[in-house]
Every structure is written in structure tokens, then in C-alpha cells.
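Okay, so here's the structure we're looking at.
The values are calculated or read from the model by the stated rules, or taken from the named source; none is laboratory data. As the structure is a prediction and not an experimental result, all values here were calculated from the model. We place every Cβ from the backbone using ideal geometry, glycine too, and count neighbours over all the protein chains shown.
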Amino acid sequence: MTVHDPGAGPPDEYVEAEIHRLLTEDPAVAEQGITVVRTERGLVLYGEVESANRRNEILRRVAGRFPDVPITSDIGVTRTQAPTEIEQLP
Amino acid sequence: MVIRIAAVGDVHLDEDVVGRFRPALEELPGRADVLLLAGDLTRHGTEAEARCVAQEFGGLGVPVIAVLGNHDHQCDQVPQVVGALTEAGITVLEGDGVVLDCADGRLGVAGVKGFGGGFAGRCASDFGEPEMKAFVRTTTESADRLSAALQSLDCDVLVALTHYSPVPDTLAGEPLEIYPFLGCYQLGQAIDSAPTALALHGHAHHGSERGVTPGGVRVRNVAHPVIKQAYSIFYLGDHLDQAEVSSVGTGGIQQSWS
Ligand SMILES: [Fe+2]
Ligand SMILES: [Fe+2]
């Protein structure tokens with residue numbers, strides 16, 4: 001049996017799983033397209049969202065839920081320019 | 001004959017996004033015959049969010065045809081969502097189809113949201129607990145309705161529109177473990193049961209753009225985070241600029257097991 005030191009916070013795997021579900025199930029976020037990656041420096045969030053508001057809200061929610069885990073966000077806002085090329089299909 | 005199709009999925013609209021797509025959408029009348037929306041139009045599937053979709057994608061000057069996605073089901077307000085979209089002139093397909101008279105010919109679009117289940121050799125089976133059987137029956141019923149809708153349309157060019165993916169090719173980039181939640185082979189089988197020219201889907205935000213069904217039908221993942229532009233444009237027909245034409249087999253990433 002593995003004994004986890006409660007002073008060190010939850011194991012990283014569970015934090016990762018909980019963040020992943022929080023991002024989808026929290027009505028203020030509802031994002032399924034965010035990837036949570038564990039690195040030596042903490043957790044990094046990757047993905048694309050539809051507005052800057054959403055990017056900020058994700059970081060706010062995750063940091064609020066896990067105040068002791070260092071979190072970096074590398075989330076982008078998907079561009080919405082008209083296409084410059086077309087694809088032709090015979 | 002050339003039919004010009006614009007398409008995007010997974011725009012996940014709410015008030016905070018309204019206006020972002022509109023400048024690009026205003027260019028559509030000169031550039032495309034139709035705009036297809038591949039599901040996940042809203043964030044949580046509320047009527048208020050559907051009104052945001054109606055505002056952003058309504059009154060464009062080209063016909064707009066949509067299927068819903070899993071996000072559009074989240075708040076159990078599907079009839080209200082469909083109502084708000086329909087009021088704005090957006091056609092919502094679910095197991096049915098429409099034929100549009102375009103300048104160069106008749107475009108048939110059959111649509112269904114679809115469901116997960118996985119792909120050949122790596123899929124869920126109609127066996128065991130009632131929950132598992134209900135899951136797989138949802139998949140097969142959805143695919144059967146797509147097949148019937150595709151076969152029912154009398155047109156020059158036939159397009160299948162789904163939210164879930166009909167092939168694993170366009171999921172490349174997603175973790176393999178979640179493929180069964182992203183699509184199912186039964187949708188591919190439905191697409192191959194009719195003379196489909198192109199299959200468009202969304203849902204796989206980390207997937208890739210190009211794939212092909214086992215029957216040789218081109219598949220494109222038009223999820224907004226994948227195409228990274230307001231919409232993609234496809235030209236279908238027999239009078240294309242041959243130097244610009246994509247051929248079957250050039251797209252997609254080969255999976256060792258697919
Ligand atoms: Fe989506
Ligand atoms: Fe989705």
C-alpha cells in the first residue's frame with residue numbers, strides 16, 4: 001500500500017484527472033479541448049478556446065481549486081479570419 | 001459543375017463570442033453556395049446561447065445547414081435550441097436531409113449528430129449491461145438514420161454532415177484512449193452506403209483535417225480549433241482547376257491499426 005503524505009497535497013495523477021473533469025463539468029468553463037500536462041515545474045494547460053474571457057476564467061478556476069499547485073497556461077484563442085485558400089475535391 | 005461549400009464546427013458560442021466570426025461570414029455570399037455547421041454550436045445548449053448562434057450565423061445571404069453536437073445537448077433544451085436556430089433561417093438536420101438548388105447543380109446534405117463507439121477492431125459491442133447496450137444502440141441507430149437520409153436524396157453532389165467522426169484518420173492528434181468517445185466506424189459505413197462525395201465532422205478539437213473512409217469518401221474535420229480560421233471552403237464538382245485538386249490518399253495520417 002502506498003501511503004501519501006497528506007501535507008504534500010493530492011498525488012499529481014489525481015490533480016490532473018480532477019482538473020480535466022473540472023474544465024468540462026464546471027458550467028463556467030465547459031471545455032473538453034484543454035490538455036493538462038504535468039511537468040517538473042507544475043501543470044501546464046494547453047488548448048484553444050473561443051474567447052479571451054474563457055482563457056482567463058480557466059486559469060482562475062484551476063488556480064482557485066488548487067492554490068498550491070504551480071500552473072502555467074498556454075491556451076490560445078482560435079483565430080476567426082476568412083480563409084485565404086480553398087480546397088478542390090474532384 | 002462546381003459546388004462551393006463553406007464549413008466549420010465547434011464554434012461553442014455564447015455572448016462572449018458574438019461578433020468574432022461575423023466579418024469573415026459577411027464574405028460568404030460571393031465565396032460559397034452554402035455554410036455547413038458541424039455541431040457544438042453552443043457552449044451548454046441553452047436557448048440563450050442558441051440565440052447567440054442565430055445572431056452570428058443568421059441572415060448571411062447563403063443557406064446555413066447545421067447538425068447539433070454533444071455540447072448542444074448539455075442543458076436538455078434541444079427543442080428550444082432547434083427552435084431558435086430555425087427561426088433565424090438555419091436548417092437543423094438530425095437523421096434527415098435537404099437538397100439545395102445551387103447555381104451549378106443540386107447539392108444534397110444529409111446530417112446526424114452521430115455518437116461514439118470506436119472504430120473497427122477497437123469498438124464497443126451491443127453486449128452485457130443495459131447501459132452498454134443503450135450506448136451502442138444509440139450509435140447504430142444514429143448511423144442507420146444517416147444511411148437512410150443519404151440514400152433518400154436526389155441530387156448531383158451528396159455531402160454527409162456529422163458532429164462525431166466517421167473515421168479515425170481525422171482524430172490523429174487526440175489521445176488513442178479517447179477515440180471511442182470521438183466517433184464510430186458505423187458512421188463511416190453509413191457514408192459508404194451512398195454515393196457520398198464528402199463527409200464533414202467536428203468534435204475532435206485536437207484532431208487533424210484530412211481522412212478517407214474505407215470506401216474512399218473524403219473526410220474533413222472542420223472543428224474550429226483544427227482549421228484555425230472562421231470556416232474552410234471546399235469546391236466539389238467536375239470542372240475544377242486540376243492543378244489545385246486534392247486527390248484521395250494524399251490526406252490523412254495512416255494509423256498502423258486502422
Ligand atoms: Fe466541440
Ligand atoms: Fe463535441
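Values for this structure:
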| item | result |
| --- | --- |
| From B:C75, B:C52, residue being surrounded by fewer than 20 Cβ atoms within 10 Å (Cβ to Cβ), within 16 Å of ligand 1 (Cβ to nearest atom) and free of Cβ contacts under 8 Å to residues at least 60 places away in the same chain | B:C75 |
| Qualifying residues in the range B:174-203 (those that are within 16 Å of ligand 1 (Cβ to nearest atom) and in contact (Cβ under 8 Å) with a residue 40 or more places away in the chain) - the one nearest to B:V217 (Cα to Cα) | B:L200 |
| Matching strands (runs of 3 or more DSSP E) fully within the range B:174-258 where at least 3 residues are of a type outside the set (K, R), in contact with a strand residue (DSSP E or B) (Cβ under 8 Å, 6 or more places away or on another chain) and modelled with pLDDT of 95 or more | B:198-201, B:232-237 |
| Residue list for the range A:36-61, restricted to those being buried (at least 18 other Cβ atoms within 10 Å of the Cβ) and basic (K, R) | A:R54, A:R55 |
| Among the candidates B:A124, B:A160, B:A143, B:A148, residue that is small (G, A, S), surrounded by fewer than 22 Cβ atoms within 10 Å (Cβ to Cβ) and under 20 Å from the mean Cα position of the chain (by Cα) | B:A148 |
| The range B:24-42 - residue that is within 16 Å of ligand 2 (Cβ to nearest atom) and more than 12 Å from chain A (Cβ to nearest Cβ) and, of those, nearest to the chain's Cα centre (by Cα) | B:A38 |
| Condition met for B:P180 (away from chain A (no Cβ under 14 Å) and in contact with a Cys (Cβ under 8 Å, 6 or more places away or on another chain)) | yes |
| The range A:25-51 - residue that is away from every other protein chain (no Cβ under 13 Å) and not in a loop (DSSP other than H, G, I, E, B) and, of those, nearest to ligand 1 (Cβ to nearest atom) | A:L45 |
